[in-house]
Structures are given as structure tokens and as C-alpha cells.
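Input: a single structure, listed below in C-alpha cells.
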Amino acid sequence: MNSELVFPLKNDLSRKIIHIDMDAFYASIEERDHPELRGQPLVVAPDPRLNGGHGVVATANYSARKFGIHSAMSSAKALELCSSLQFRPVNKEYYQEVSQQIHAIFHRYTDIIEPIAFDEAYLDVTVNKKGIKSAIKIAQLIRQNIADELHLTCSAGVSYNKFLAKLASDYRKPNGLTYVLPEEAEAFLQSLPIEKFKGIGKKTVPKMHELGIYTGKDLAEVSEMELIQHFGKMGYELYRKVRGIHNEPVAAKKERKSIGTERTFHDMIMDDSTLKMVLREQSERVAASLSKHQKKGRTLVLKIRYNDFETVTKRQTFPDYMWRSETLFDNAYSIWSEIGEFRGGLRLVGITVTNLESKNYEPIKLWT
Ligand code: DCP
Ligand code: MG
């Protein structure tokens with residue numbers, strides 16, 4: 001019992017958390033899509049020979065890392081370190097699409113997903129859609145799904161809290177799986193250099209070193225009072241984290257319940273052809289948004305506001321799923337045909353798809 005203990009310790013060991021981090025994410029996608037580049041040192045960055053020496057490295061594959069090349073390094077410096085370095089331009093929208101495909105795989109197991117970046121997320125699988133008891137098994141399956149379907153590798157960490165899961169995924173990178181059981185947590189944490197602890201940034205490391213703290217073991221020997229004195233709230237948290245205590249929940253992004261758009265018009269809509277144009281434009285916009293969120297739905301809501309401010313909404317459920325703009329338009333117009341009259345003109349028109357479901361993506365075969 002530590003007599004200096006300021007606040008009581010409470011450790012939630014009941015949860016099963018997975019942290020997934022894709023390996024050399026952008027670079028792996030480029031290698032996958034361009035087999036001729038495989039095995040060569042490669043960076044995703046502007047080629048400094050084509051633009052007068054500008055640009056920084058977004059990421060380097062593992063063979064380029066052997067030359068000391070890393071994220072945020074200038075492209076010119078990277079080329080200096082490795083003259084045969086391959087450059088691929090950054091295609092962020094595409095990487096985001098791949099990220100959505102990865103998330104579609106996560107969603108097969110749980111909806112409690114907290115994205116940290118395009119290529120990184122926490123998953124709470126304590127209760128999961130497949131009823132699988134072992135979080136290690138789920139991590140294996142997710143890694144297998146990602147490899148089979150997307151031809152990419154990731155590293156996974158499994159434990160009972162986010163802090164440990166993240167450290168675990170980093171432990172055997174690339175293409176590794178590490179789990180930390182409750183009874184192993186303190187020994188695992190004590191073995192790590194403090195630079196590895198998430199939350200201890202570049203500014204804090206020298207301060208820690210000044211206090212003689214180099215490893216988790218050193219950290220565990222400092223009293224709670226002293227850590228709070230030196231590091232405030234972070235000290236309070238570190239005192240707990242080094243004991244394997246981190247009860248922060250996986251903060252799932254709220255699922256979208258509906259996707260829609262509406263617009264108010266300065267000049268009232270008075271005729272069919274203008275209305276059709278508006279509905280076409282709105283259908284395209286909603287289709288793009290549905291695609292971005294990988295959603296589809298069978299219920300469409302048409303909203304109309306008349307010149308006298310009377311607002312009418314009519315919802316209808318259709319036999320087929322909607323995600324294409326043509327289907328959205330056809331259905332929206334068919335609702336309009338039932339309820340529609342121009343009266344003194346329409347000042348607002350909107351369409352919304354509700355009762356959304358995840359749309360299973362069709363993997364595009366770009367690789368061989
Ligand atoms: N990224 C970026 N600029 C940075 C750091 C990262 O654009 N300064 C992008 C490119 C990475 C992606 O974010 O591919 C993920 O970042 P990670 O730090 O997870 O790095 P990687 O996934 O590339 O490598 P690994 O996780 O294997 O270390
Ligand atoms: Mg990564």
C-alpha cells in the first residue's frame with residue numbers, strides 16, 4: 001500500500017480492446033497497385049527532380065526506412081540518402097477510400113470503432129457481432145481479412161485497455177500481432193523505454209530523463225505526488241498507465257442515421273423542368289455522400305416548402321436499395337408525382353435517405 005496515494009486506483013479489466021495500425025500505409029497501397037515497384041525503396045512524396053526540390057515524405061516503405069528515410073523528411077534529403085529511391089505522388093482521396101474499406105471489415109466485428117487516423121483505429125470487441133470470446137482471434141481474423149481482400153498488412157495489439165493495445169500493436173511492426181494479458185501488463189510496461197508511452201511527447205522526454213526516468217520501471221518507482229508535481233494531469237495519468245490502468249472508453253463515431261441535402265431558393269421553383277434539375281443535382285450530392293460513408297438505404301424523404309411556408313415531408317420505402325444518383329432521382333420524382341403541386345411556387349426542396357445500412361464495397365482488382 002502506497003501511503004502517498006492521492007486518489008484511489010480503479011482498474012477495469014473486463015474489456016477487450018484491439019488497436020490496428022496499417023504498415024507503411026500509403027506506400028503499401030502504392031506497392032500493391034504497382035507491382036513493378038515492389039521490393040524497391042519507395043516513398044510517397046513529390047519527386048524533387050520534377051519540381052525544383054520541393055516536397056516532404058508522407059511515408060516511406062520499410063526498404064526505404066533502412067536508408068534512414070522517414071515521414072516528414074524532405075524529398076530532396078530522402079533522395080540524397082538513396083539515389084535509386086522510387087517516388088509516388090500522394091493520392092489522399094484514394095487512401096481514404098482504402099481506409100473506408102478497412103473500416104467496412106472492422107464493422108463486421110464491431111461498431112465500436114474509434115479512428116485515430118486513416119490507417120489507425122481502436123476497436124472494442126468485448127461484445128462483438130460474431131459472438132467470438134477471444135479478442136486475439138478477432139485480431140487474427142481482421143488481419144487475415146485485410147490481407148486476403150485488400151492485399152495489405154497491418155499490425156494489431158490486443159489488451160484490456162487502449163493504452164496497452166496501442167503499445168502492443170507497435171511492439172512487432174510490421175505485420176505483427178501482440179497481446180498483453182492483465183497479469184503481464186506491468187512487466188510489459190516496465191520493460192519499455194518511456195519514449196514509447198503515448199502521451200510522453202518530445203518535450204517531456206528530456207524532463208523525464210532529468211528526473212532519472214528512462215524506462216517504465218523507473219517511472220513505476222516515482223510516487224504519484226511527485227509525478228503530479230512535475231507533470232500535472234499527465235503525471236496523474238502516467239502513474240496509472242504504468243500500472244496498466246487506463247479506463248478511457250473507445251469513443252465510437254456516431255453512426256449516421258440519415259444522409260440528405262436541402263436548399264432554399266430565392267426565386268421560387270414554378271415548373272417541372274427546374275424542379276427536375278434541382279432533384280438531379282441533389283441526388284448526385286446525396287449519392288456522393290452515401291458513397292463516402294459506404295451507406296445505402298431504402299427510405300427516401302422528400303421535403304417541400306411552399307411560398308406560404310407550409311412544409312410538407314413525405315417518406316416512402318422502396319423495394320430496392322438506393323445509393324446511385326439515378327435511383328435517388330427516380331424515387332424522389334416519383335414521390336413528387338404523388339404529392340406535388342407547384343401552387344405559388346416552392347421555396348425549399350430537399351431529399352434525405354434514412355434507415356441507412358452499410359454498403360458492402362466491391363473490391364476493385366487493381367493489383368495482380
Ligand atoms: N502520414 C503523413 N505525414 C506524416 C506521417 C504520416 O502523411 N508526417 C501519413 C502517411 C502514412 C499514414 O499517414 O502512411 C499513417 O502514418 P503512420 O505513422 O501509421 O505510418 P505508416 O503507416 O506509413 O507506417 P507504420 O505504421 O508501418 O510505421
Ligand atoms: Mg501505420
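The values are calculated or read from the model by the stated rules, or taken from the named source; none is laboratory data. Here the structure is a predicted model, which is why all the values come from computation and not from measurement. Virtual Cβ from ideal backbone geometry, glycine too; neighbours counted across all protein chains shown. Each accessible area value is taken on the protein alone, full model and side chains, heavy atoms only, with ligands, DNA and RNA left out. Shrake-Rupley method; radii C 1.70, N 1.55, O 1.52, S 1.80 Å.
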With θ taken as phi - 60° and the coefficients 6.51, -1.76 and 1.60, list the Karplus ³J(HN,Hα) couplings across the range 278-285 in order, rounded to whole Hz; mark glycine and proline as x. 5, 5, 4, 5, 5, 5, 5, 5
How much mean residue ellipticity at 222 nm does the chain get from its helices, if each DSSP H run of length 4 or more adds -39500 (n - 2.57) and you divide by all residues, to the nearest 500 deg cm²/dmol? -11000 deg cm²/dmol
Multiply the residue separation of Ser337 and Arg108 by 0.36 nm, subtract the distance between their alpha-carbon atoms, and state the gained length in nm to one decimal. 78.5 nm
Please check: in the Gaussian network model of the chain (C-alpha springs, under 10 Å), which one of Pro319, Pro193, Pro206 has the largest mean-square fluctuation. Pro319
Per-residue HN-Hα couplings for the range 64-73, Karplus 6.51 cos²θ - 1.76 cosθ + 1.60 at θ = phi - 60°, whole Hz, x for Gly and Pro? 6, 4, 4, 8, x, 7, 8, 3, 6, 6
Can you tell me the length gained on complete extension of the stretch Phe67 to Asn355, counting 0.36 nm per residue apart and subtracting the Cα distance? 98.6 nm
Kindly rank 63-70, 25-32, 48-55 from highest to lowest mean number of other beta carbons found within 10 Å of each residue. 25-32, 63-70, 48-55
Regarding the range 202-281, what is the average projected area of its C-alpha convex hull, in nm²? 11.0 nm²
What percent does the relative contact order of the chain come to when contacts are Cα pairs within less than 8 Å and at least six residues apart? 16 percent
Run the accessible area of the chain with a 1.4 Å probe and give the carbon-and-sulfur part as a rounded percent. 51 percent
Given backbone amide H placed at 1.01 Å from N, residues whose amide H is under 5 Å from that of Ser155, ignoring those fewer than 5 places away on the same chain, are Asp21, Met22, Asp23, Asn175, Gly176
Please list the non-local residues whose amide H lies under 5 Å from the amide H of Tyr321, H modeled 1.01 Å from N, same-chain partners needing a gap of 5 or more. none
Looking at the range 125-207, how many pairs of lysines come closer than 22 Å at the Cα, when each pair is eight or more places apart or spans two chains? 21
Quick one: which residues, 5+ away or cross-chain, put their amide H under 5 Å from the amide H of Thr59? H built at 1.01 Å from N. Val44
Note, ³J(HN,Hα) from phi for the range 244-261, Karplus 6.51, -1.76, 1.60, rounded to Hz, x at Gly and Pro: x, 10, 7, 8, 4, x, 6, 8, 5, 5, 4, 5, 6, 8, 7, 9, x, 8
The lysines whose Cα lies under 22 Å from the Cα of Lys303, excluding any fewer than 8 residues away in the same chain, are Lys257, Lys276, Lys295, Lys314
Computed FRET value (nearest 0.05) for Glu210 with Ala76, which takes r as the C-beta separation and R₀ as 35 Å: 0.45
Under a crude label model (7 Å from the Cα following the beta-carbon direction), how far is Tyr236 from Lys276 in nanometres? 6.5 nm
Whole-angstrom gap from the range 295-309 to the range 48-112, using each part's C-alpha centre: 42 Å
Here the gain from full extension of Ala147 to Gln96, 0.36 nm per residue of separation minus their alpha-carbon distance, amounts to 16.6 nm
On a 0 to 90 degree scale, rounded to 10, what angle separates helix 162-171 from the longest Cα axis of the chain? 70 degrees
How high is the FRET efficiency between Phe318 and Lys253 when r is their beta carbon distance and R₀ equals 35 Å, given to the nearest 0.05? 0.80
Per residue, in Å², the accessible surface of the range 14-158 once ligands and nucleic acids are set aside, probe 1.4 Å: 43 Å²
Angle check, please: helix 325-339 long axis (alpha carbons) against the longest principal axis of the chain (alpha carbons), in degrees 0 to 90, nearest 10. 50 degrees
